[in-house]
Amino acid sequence: MLKIVLPSPQYLDSVKDAIAEYQAHPSPFDIQVVESMIEVLKDNFKTYFHDVENKRLGIGLPEGYVPNTTLWLIDDEKYIGSFDLRHELNDYLLQNGGHIAYQIIPSARRKGYVKAGLKLTLDYARKNLGIEKALLTCHFENEASYRAMTSVMKEWGGEEISPSLVDGHNEHRVWINTQAK
């Protein structure tokens, strides 16, 4: 059964497998997730869990950061990917990053997990944070992410807005309703 959950030690073995998979098949779009998830292997999960919980609660955030809930996409009790849900947007996130960032393990890509995980995360955003529309952005070169975002937007409603130029590259920007039409 496919679900999203808050990070939990019960999935630690599966997360360790995911980290090894990310490292064996590096992608420029996975760099941040691999670096943060390596913390899972340290301190027997405690450091990572403490960090994601503080981010969710908005405790000790660096200047310019907003509260963020990390959700793990789980299928049949196996870690498939992460969806990071930012609780609000600042000026930077309106151009690059948006409300939701996500990563799927290489072996699970092109199998519909991004779309399914986005829908679960959008539903979570509405039910738990009161977000009615979520902004998603992706690098112009990340065509798979762009297709997934616009596909969910077409199903659930929303709009694509003007791209933004960030750090020398263009970002697609799409607003998606957090409830299906």
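Couple of notes before you dig in:
- In order along segment 154-159, the Karplus-derived 3J(HN,Hα) couplings, from 6.51 cos²θ - 1.76 cosθ + 1.60 at θ = phi - 60°, round to 5, 6, 9, x, x, 7 Hz, and Gly and Pro are given as x.
- Using alpha carbons only: equivalent-ellipsoid semi-axes of the chain, gyration tensor based, whole Å: 24, 18, 17
- Computed label-point distance, nm, for sites Asp13 and Glu143 using a 7 Å Cα→Cβ extension: 3.9 nm
- Spin-label model, Ser164 to Gln179: label points 7 Å out along the Cα-to-beta-carbon direction sit 2.7 nm apart.
- Measuring against 24 Å, Cα to Cα, the residue pairs Lys3/Lys154; Lys55/Lys133; Lys3/Lys127; Lys16/Lys133; Lys78/Lys133; Lys46/Lys111 contain Lys16/Lys133; Lys78/Lys133; Lys46/Lys111 as the ones spanning a longer distance.
- Virtual spin-label span in nm between Ser107 and Val66, 7 Å along Cα→Cβ: 3.5 nm
- Over 14 Å [Cα-Cα, segment 110-153], rounded percent: 49 percent
- The slack in the chain from Asn128 to His50, taken as 0.36 nm per residue of separation less the alpha-carbon distance, amounts to 26.0 nm.
- Within the chain: Cβ-based charge dipole about Cα centre, in debye rounded to nearest 20 (Lys, Arg +1; Asp, Glu -1): 600 debye
- Each peptide among 66-72, 116-122 gets the average number of other Cβ atoms lying within 10 Å of its residues, and from highest to lowest they stand as 116-122, 66-72.
- Full extension of the segment from Lys154 to Ile59, taken as 0.36 nm per residue of separation minus the current Cα-Cα distance, would add 30.6 nm.
- From most to least packed by mean Cβ count within 10 Å, the peptides 81-87, 53-59 give 81-87, 53-59.
A short reminder: the numbers here are calculations on the coordinates, not readings from a lab. Every value quoted in this text rests on a predicted model; they were computed, and no experiment measured them. Backbone-built Cβ (ideal geometry, glycine too); neighbour counts: all protein chains shown.
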